[in-house]
1. Taking the simple approach of a point 7 Å from Cα along Cα-to-Cβ for both Val8 and Met37, what is their distance in nm?
2. How long is the gain from Lys30 to Val53 if the chain were fully straight, where each residue apart is worth 0.36 nm and the alpha carbon distance is subtracted?
3. What is the calculated FRET efficiency for Asp45 to Val105, with r their C-beta to C-beta distance and R₀ = 35 Å, to the nearest 0.05?
Amino acid sequence: MVRRTVAVVAAIVLFAEAVGIVLINVILGKVADAQQMSLAGLDPDAMSVGALVAGAVFGLYLGCCGLVLLLMALRDRSPGGFGRFVLISVAVVHGLLGAFVVGPVGWPAFAFMMVVLGLIVLSLLAYEKRDGRAAEDEPAPPAPAANGAAPAGNGAASV
C-alpha cells in the first residue's frame with residue numbers, strides 16, 4: 001500500500017513541477033520579447049519562441065513521467081521497458097538539476113530536487129520486477145502440513 005502512495009505523491013509532484021516549468025518559461029518568453037533581449041545577435045522573437053517551446057517540451061516530458069507514475073499506482077504494477085526508461089531518465093535529470101541548482105538558487109531548491117529524486121527512485125525500487133512480476137506479487141510458499149508430513153507433490157524429494 002505504501003508503494004502506491006509514494007507513486008501517487010511522486011506523480012502529483014511531477015505534475016505540479018510541469019505546470020511550474022511551463023509558467024516560468026512563458027514568463028521568460030514574455031520578458032525576452034518585451035525587452036527585446038538578444039543573445040549573441042539572435043533575433044528577440046526567436047528567443048521568446050525558444051523559451052516557450054522549451055517550456056512546453058519539458059513540461060510535456062514531466063507530465064508524461066507523472067502519468068507513468070500515476071498508471072503505475074493505479075495498476076499496482078511495474079512499468080514496462082519504456083516507462084522504466086522514462087522514469088530513470090527523469091531521476092537522472094533531477095539529480096543533475098539538484099547539483100546545478102545549489103549555487104544559483106540555494107539549498108532549499110537542492111533539497112526539493114533531492115526529495116523528488118527520492119520519490120522517483122523509491123517508486124522504481126518498490127515496483128522492481130522479479131521474473132516478470134512485481135516484488136509484492138510473489139506467491140506465498142506452501143504451508144507445512146499440520147502433522148509434520150511433507151506437503152503433497154509429485155513425490156520427488158527436494159534438497
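No lab work stands behind these numbers, since they all come straight from the coordinates. Note that the structure is a prediction, hence the values are computed from the model and not measured. A quick note on method: Cβ atoms are made from the backbone with ideal geometry, for glycine too, and the neighbour counts reach across all protein chains shown.
1. In this crude spin-label approximation the distance works out to 4.0 nm.
2. Here the segment from Lys30 to Val53 would lengthen by 7.0 nm.
3. Working: r = 28 Å, r/R0 = 0.81.
According to the calculation, E is roughly 0.80.
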